[in-house]
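**Student:** Provided herewith is a single structure, encoded as structure tokens, for subsequent inquiry.
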Amino acid sequence: MLLSFLIIFHREVCLLPFSHILILIFYCEGHLDDGTMFNTIDTCKGVAHMILMTISGLLLFLTLLLVIMSSVLFNDTQPDSKLPWANCGISITLLKQLKKISIAVSATLIHLNSNIEIALLIIITLIQVFIITEFTRYIYMNNSYVREFMLCFESSLLWICVLGLVKRIFILPLIHDIYIILSLLITYALFRYLISKKINQLIYTTRVDQLLNQLAIEQYILFMAQIFHKRNRCKEYIAIQGVFANHIKTCKSLHCPCEEVTKGAEPMGIEENASGSTSMVKSVHNLSVKQTIQRSLSLHSVDPQLTELNSISKKRFFEFLKSLIEQSIRTIVKPTKLYIQLSYIHYIFLENKFIALYDLMNAQDTKPSLIEEFLIYRLKYFLL
């Protein structure tokens, strides 16, 4: 546990100063016999400096290797993980470490040429663009507060880099610090709106069996599980009712997976014997939510039977999600991660280790990559 903490601490906190010190060893500075000062790498060829450069290069290589390995192996994909960075995209983590290395290199070489500052801004801006792009792909994280904080920080840094480039290249005095600070909130709100729109589009307007992107299917399942666990809240209640209503309306198969969820669900009424006003208000509130959904559905000439979510057991709901994954596996060419996701559902939510091991066996037969091999091995370690 302590070693794992130290690895994460080194990757997230100590990487920038440590890499800067190692790269700085390559930079040689001194005085010639006539007293003139030099600062170049090729001039210092002493034995001591060559040994230091060799050791520094070796440590820098091991540092980068540790960063890559920790980014891959410490990426927890378990749906019910309590780690704050669980289900964060590996590419986002690697791009963040690349940004730190770029800052360390530029801080070392800035003494050689004043244009290094512009090069640094360009490199960091490009890296930030890639990070924001990956944020639009990996829109799910177990901890929504951590995801919001990361999005706020990365989008703000992107906007600062863009304004810094504009000010540096075009020498515009209008770009002042106060404008940058005020525009940070606008930038974060814009990116947050775009990602929230994509999340809603994924949850409400798509069907899993029509998605050809394996990552989108994974995120759909994870969002549905997250919404189900928070279904006592009004927002999540409305969301999951809308998902089921949309699925019932569009599902045309003979044995639709939603039939098992909606079968036997009792409509909820107002408790006549409620002694307290709180329970009465809660029942009326939930009833009005149902009536609102039914009224909106009637505008489209559709009247599917809505379910009482509190009566749906965890087993029945995740059997529904399992059937959605099984339908998607038939359309995906290399469904390795879907088999792993299916194994998680069988192991964590349906408590069936035997079927979970069978899913991992199927995942092993799909010729998984090195990262997927590790995910299979890690889950198999818990099952055996």
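**Student:** Can you name the number of the only condition in (1) at pLDDT below 85; (2) in a helix (DSSP H, G or I) that residue 30 fails?
**Tutor:** Just one mismatch for residue 30, condition (2).
**Student:** Here is a further query. Considering (1) at pLDDT 85 or above; (2) surrounded by 16 or more Cβ atoms within 10 Å (Cβ to Cβ); (3) hydrophobic (A, V, I, L, M, F, W, C); (4) over 28 Å from residue 149 (Cβ atoms), say which one residue 116 fails and leave the rest.
**Tutor:** Condition not satisfied by residue 116: (1).
**Student:** Ok, one more. Would you please name the residue that is farthest from residue 214 (Cα to Cα), looking only at residues in region 351-371 that are crowded, with 18+ Cβ neighbours inside 10 Å and hydrophobic (A, V, I, L, M, F, W, C)?
**Tutor:** Filtering region 351-371 for residues that are crowded, with 18+ Cβ neighbours inside 10 Å and hydrophobic (A, V, I, L, M, F, W, C), the one farthest from residue 214 (Cα to Cα) comes out as 356.
**Student:** Among the residues that make up region 346-360, is at least one of them in contact (Cβ under 8 Å) with a residue 60 or more places away in the chain and hydrophobic (A, V, I, L, M, F, W, C)?
**Tutor:** Within region 346-360, one or more residues are in contact (Cβ under 8 Å) with a residue 60 or more places away in the chain and hydrophobic (A, V, I, L, M, F, W, C).
Conditions tested, residue by residue: (1) aliphatic (A, V, I, L, M); (2) assigned to a helix (DSSP H, G or I); (3) at positive phi.
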| position | (1), (2), (3) |
| --- | --- |
| 315 | no, yes, no |
| 318 | no, yes, no |
| 331 | no, no, no |
| 343 | no, yes, no |
| 362 | no, yes, no |
| 367 | no, no, yes |
| 378 | no, yes, no |
| 381 | no, yes, no |
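**Student:** While we're on this one: Which condition number in (1) at pLDDT 85 or above; (2) over 29 Å from residue 121 (Cα atoms) is the one that residue 16 fails?
**Tutor:** (2)
**Student:** Test each condition in (1) in a helix (DSSP H, G or I); (2) surrounded by 14 or more Cβ atoms within 10 Å (Cβ to Cβ); (3) modelled with pLDDT under 90 for residue 130 and report the one that comes out false.
**Tutor:** Answer for residue 130: the failing condition is (3).
**Student:** With a cut-off of at least 2 residues that are at pLDDT below 85, touching a Cys at 6+ places or on another chain (Cβ under 8 Å) and surrounded by 18 or more Cβ atoms within 10 Å (Cβ to Cβ), name the helices (runs of 4 or more DSSP H) lying wholly within region 186-285.
**Tutor:** Ranges flagged: 234-250.
**Student:** Would it be correct to say that residue 382 is hydrophobic (A, V, I, L, M, F, W, C), under 24 Å from the mean Cα position of the chain (by Cα) and assigned by TED's automatic domain parsing to the domain that holds residue 248?
**Tutor:** When the stated conditions are applied, residue 382 does not pass them.
**Student:** Being out of contact with any helix residue (DSSP H, G or I) (no Cβ under 7 Å at 6 or more places or on another chain), farther than 17 Å from residue 81 by Cβ and surrounded by fewer than 22 Cβ atoms within 10 Å (Cβ to Cβ): is that true of residue 320 here?
**Tutor:** It is false that residue 320 is out of contact with any helix residue (DSSP H, G or I) (no Cβ under 7 Å at 6 or more places or on another chain), farther than 17 Å from residue 81 by Cβ and surrounded by fewer than 22 Cβ atoms within 10 Å (Cβ to Cβ).
The values are calculated or read from the model by the stated rules, or taken from the named source; none is laboratory data. Worth saying up front: this structure is predicted, and the values here are computed from it rather than measured. No Cβ is skipped: glycine too gets one built from the backbone with ideal geometry, and neighbour counts run over all protein chains shown.
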